[in-house]
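Enquirer: Provided herewith is a single structure, encoded as structure tokens, for subsequent inquiry.
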Ligand code: PLP
């Protein structure tokens, strides 16, 4: 039991995650890669299996009981998603495959309608490739220019020249809520307001935001906010595109086909209202229903408690890593309050891949690589980092196992 009602009961949470009983290379698993994808509680796994066992039928199409039940469950998950992020209406929630698809949808549907020669899109140097590449592609197509907000040595956005970066040429500002490498929690509202003051739209990549902190669309005022189910205890194959209704109304559809149309004629077609206008073809309804169970699970835990837990474990991890002494570089803001549960690090004379490999022998699962953030790697002047990341099921004991395994790696590599 936790010491305080404001704390997560991590012991009981761990009991919900079957995978945490696995043994890897002779050691109990320590899973420290939730930034890449989270593990799933039995409530989500069971919802998915039960749906296929009892309620599977295509949505929106059938006038029969099973299809009506399936449609109600699918649309019910949309309602849950809307209330989880405090959207004004469930019609502002479009289901996609993942964050990447949501950003591509925006780049193409919004970009083709709104970007012209000489216009600018502003992103940041700490973006995941998913929030860079679609903009490179649409800017090249439309003759627009992609610009970058720099990053300070401490791992914050460098907003010193923001008023010269956001100008009347800027049509969109797209930035991450929380960095998947540095953990930095960005000043979202400040950037949203600056974008709006210049007449630009604000797009927030919430892939590392929505799973870890309470988000409120009406308070944030972002025009679009995107995230992935698989990073927040839900199944793979489900992404969310939140958009303000007026913008979704204005924006042309991205993909065409069944489900998104009102009428198809030989000389053209008309489309449905949002959100269905953006959901061409059979949606991934079974996984969406299970995503609804993930939202229920997180809601039950309480996102403020989730955030507090991550601050505490990150604080502990940063202190333990610092105690390893010289030769250990920690990337990102020094204060755990300024960051999510992500710790990227380097150990002098051991390649990040070798760190991850030797930790694996101890059952400790961390990621090493460029984390789909090559411009940021160049800014940090490193080819790759090792990265440990935490979620609701991680404990200080997991951090201790990480530290012990790092000490062993140090000995192995003669440090
Ligand atoms: N944006 C950020 C900040 C991420 O961390 C990730 C995944 O790690 C993505 C976007 C892409 O998410 P997905 O692979 O689910 O599309």
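The values are calculated or read from the model by the stated rules, or taken from the named source; none is laboratory data. From a predicted model like this one, the values you see are computed outputs, not experimental measurements. Methodologically, a virtual Cβ is constructed for each residue, glycine included, from the backbone with ideal geometry; neighbour enumeration extends over all protein chains shown.
Enquirer: Which residues, taken from region 67-90, are assigned to a helix (DSSP H, G or I) and within 21 Å of the chain's Cα centre (by Cα)? Walk me through it before giving the result.
Expert: Here is the first cut: in region 67-90, the residues assigned to a helix (DSSP H, G or I) are 67-84, 90.
Hits for region 67-90 are 77, 78, 79, 80, 81, 82, 83, 84, 90.
Enquirer: Just for region 187-214: of the residues that are crowded, with 23+ Cβ neighbours inside 10 Å, assigned to a loop (DSSP other than H, G, I, E, B) and within 16 Å of the ligand (Cβ to nearest atom), which one is nearest to the chain's Cα centre (by Cα)?
Expert: The selected residue is 207.
Enquirer: Further question: Name every residue in region 346-391 that is in a strand (DSSP E or B) and either in contact with a helix residue (DSSP H, G or I) (Cβ under 6 Å, 6 or more places away or on another chain) or touching a residue at least 60 places away in the same chain (Cβ under 8 Å) (or both), in order of residue number. Even if it seems obvious, please write down each step before you answer.
Expert: Let us first name the residues in region 346-391 that are in a strand (DSSP E or B), namely 346-347, 350, 364-365, 367-369, 385-389.
Result: 347, 350, 364, 365, 367, 368, 385, 386, 387, 388, 389.
Enquirer: Also, I was wondering about something else. Checking the structure you have, find out if any residue of region 327-336 is out of contact with any strand residue (DSSP E or B) (no Cβ under 8 Å at 6 or more places or on another chain) and under 17 Å from residue 35 (Cα atoms).
Expert: Of the residues in region 327-336, the ones out of contact with any strand residue (DSSP E or B) (no Cβ under 8 Å at 6 or more places or on another chain) are 334-336.
Those still in the list that are under 17 Å from residue 35 (Cα atoms) too: 336.
Checked region 327-336: at least one residue is out of contact with any strand residue (DSSP E or B) (no Cβ under 8 Å at 6 or more places or on another chain) and under 17 Å from residue 35 (Cα atoms).
Enquirer: Residue check: is residue 290 modelled with pLDDT of 95 or more and over 21 Å from residue 412 (Cα atoms)?
Expert: Values: modelled with pLDDT of 95 or more: yes; over 21 Å from residue 412 (Cα atoms): yes.
Yes, satisfied.
Enquirer: Please determine, by comparing only the residues of region 361-381 that are in contact with a strand residue (DSSP E or B) (Cβ under 7 Å, 6 or more places away or on another chain) and under 22 Å from residue 407 (Cβ atoms), which one is surrounded by the most Cβ atoms within 10 Å (Cβ to Cβ).
Expert: Residue satisfying both the conditions and the ranking: 364.
Enquirer: While we're here: Quick check, is residue 253 in a loop (DSSP other than H, G, I, E, B), within 16 Å of the ligand (Cβ to nearest atom), touching a residue at least 12 places away in the same chain (Cβ under 8 Å) and within 23 Å of residue 59 (Cα to Cα)?
Expert: Numbers: in a loop (DSSP other than H, G, I, E, B): yes; within 16 Å of the ligand (Cβ to nearest atom): no; touching a residue at least 12 places away in the same chain (Cβ under 8 Å): yes; within 23 Å of residue 59 (Cα to Cα): yes.
Spelling it out, it is not the case that residue 253 is in a loop (DSSP other than H, G, I, E, B), within 16 Å of the ligand (Cβ to nearest atom), touching a residue at least 12 places away in the same chain (Cβ under 8 Å) and within 23 Å of residue 59 (Cα to Cα).
Enquirer: Now for a separate question. Among the residues in region 158-177, are any at pLDDT 95 or above, outside any strand (DSSP E or B), within 16 Å of the ligand (Cβ to nearest atom) and closer than 19 Å to residue 196 by Cβ?
Expert: Yes, that holds for at least one residue.
Enquirer: Can you spot a residue in region 385-408 that is over 17 Å from residue 30 (Cα atoms) and crowded, with 19+ Cβ neighbours inside 10 Å?
Expert: Just the residues of region 385-408 that are over 17 Å from residue 30 (Cα atoms), to begin with: 385.
From the residues that got through so far, the ones that are crowded, with 19+ Cβ neighbours inside 10 Å too are 385.
Yes, region 385-408 contains at least one residue that is over 17 Å from residue 30 (Cα atoms) and crowded, with 19+ Cβ neighbours inside 10 Å.
The rows are residues; the columns are (1) buried (at least 17 other Cβ atoms within 10 Å of the Cβ); (2) free of Cβ contacts under 8 Å to residues at least 40 places away in the same chain; (3) over 18 Å from the mean Cα position of the chain (by Cα).
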{"position": "289", "(1), (2), (3)": "yes, no, yes"}
{"position": "297", "(1), (2), (3)": "yes, no, no"}
{"position": "300", "(1), (2), (3)": "no, yes, yes"}
{"position": "304", "(1), (2), (3)": "no, no, no"}
{"position": "308", "(1), (2), (3)": "no, no, yes"}
{"position": "313", "(1), (2), (3)": "yes, no, yes"}
{"position": "318", "(1), (2), (3)": "yes, yes, yes"}
{"position": "321", "(1), (2), (3)": "yes, no, yes"}
{"position": "324", "(1), (2), (3)": "no, no, yes"}
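Enquirer: Out of the residues in region 224-245 that are surrounded by 24 or more Cβ atoms within 10 Å (Cβ to Cβ) and assigned to a loop (DSSP other than H, G, I, E, B), which is farthest from the ligand (Cβ to nearest atom)?
Expert: Only one residue tops the list, namely 233.
Enquirer: Then there's this: So which of 162, 166, 93 ends up being buried (at least 21 other Cβ atoms within 10 Å of the Cβ) and farther than 30 Å from residue 288 by Cβ? Write out each step before concluding.
Expert: Numbers: 162 fails: buried (at least 21 other Cβ atoms within 10 Å of the Cβ); 93 fails: farther than 30 Å from residue 288 by Cβ.
The unique qualifying residue is 166.
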